[in-house]
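Read-outs: derived from the displayed coordinates by stated rules, not from any lab. Because the structure is predicted, anything quoted here is derived from the model rather than measured. Positions of Cβ are generated from backbone atoms using ideal geometry, with glycine treated the same way; all protein chains shown enter the neighbour counts.
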Amino acid sequence: MIWGLGSFSKVSGGQVYTFVCIMIVLVPLSFLLIKTLNLMLLGDGYARNLGLNIRRARLYVITCSCVITAMVTAYCGPIVFLGLAVPHLCRAIFVSSDHRVLMPAVTLTGASLALLCNLIARMPGFEGALPINSVTALIGAPVIISVLFGKRKSELS
């Protein structure tokens, strides 16, 4: 039940060691895909003309992101709004689509926001503790709503 609501409290020291060892390999691999992601922003035609194998690049990006997401979800549970809201929030803050800026920004902002939400969920005064998902929803839902309405407004203009 606790895992389904998202929690950092049930992870033991040995589990953290295993998690960190796996992430030490996976996170640098994801940072190696920055140039590929920037090329994919240009569109398939331009990226192919610049020498990018589109099928292989998509396979690498999807595989890397799926494995990292699966690892985090296995240890902490499905903490929903962080993965949805933080990239849009960083894109708005840094006003950039360059993944050289966005990848480190999203990594640090996501970790900081997760810890902040965990601190809020564990504040004194609550009986027991709130699930982290309830706190991340308070932060993430307005970001997602603003992104959706911003896209709708640009389509209408």
Query raised in the report: Which peptide among 50-60, 97-107 comes first, and what is the full order, when sorted by highest mean count of other Cβ atoms within 10 Å?
Result: 97-107, 50-60
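Per residue, what volume in Å³ does the Cα convex hull of the stretch 79-157 take up?
90 Å³
Roughly how many debye, to the nearest 20, is the charge dipole of the chain about its Cα centre, given +1 on each Lys and Arg Cβ, -1 on each Asp and Glu Cβ, and no other charges?
On the way: 12 positive and 4 negative charges, 84 e Å.
Roughly 400 debye, rounded to the nearest 20.
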Query - Which label in (1) 114; (2) 139; (3) 101 gives the computed volume of the Cα convex hull per residue in Å³ - result: (2)
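Using the Cα centre of the stretch 79-157 as the reference point, and only Cβ charges (+1 on K/R, -1 on D/E), how large is the resulting charge dipole? Debye, rounded to the nearest 20. Don't skip to the end; give the middle numbers.
Details: 6 positive and 3 negative charges, 40 e Å.
Dipole about the Cα centre, nearest 20: 200 debye.
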Report task. Compute the length gained on full extension between Lys35 and Ile93: take 0.36 nm times their separation in residues and subtract their Cα-Cα distance, giving the result in nm to one decimal. Result -> 18.8 nm
Query raised in the report: Given the Cα-Cα distance of Ala141 and Ser12 and 0.36 nm per residue of separation, how much length would full extension add, in nm?
Result: 43.4 nm
Report summary line: Two pseudo-spin positions, 7 Å from Cα along C-beta at Cys66 and at Leu84, lie apart in nanometres by 2.2 nm
Query - Additional length obtainable on full extension of the chain from Met23 to Leu59, 0.36 nm per residue less Cα span - result: 11.0 nm
Query - Separation of the Ser112 and Leu50 label points, Cα + 7 Å toward Cβ, nm - result: 2.9 nm
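If you count, for each residue, the other Cβ atoms within 10 Å and average over each peptide, how do 24-31, 85-92 line up from highest to lowest? If you can, show how the numbers build up before the last one.
On the way: 24-31: 12.4, 85-92: 19.2.
Ranking, from highest mean packing down: 85-92, 24-31.
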**Report entry** q = 0.15 Å⁻¹, the stretch 1-77: log10 I(q)/I(0) [Debye, one scatterer per Cα]
**Finding:** -0.63
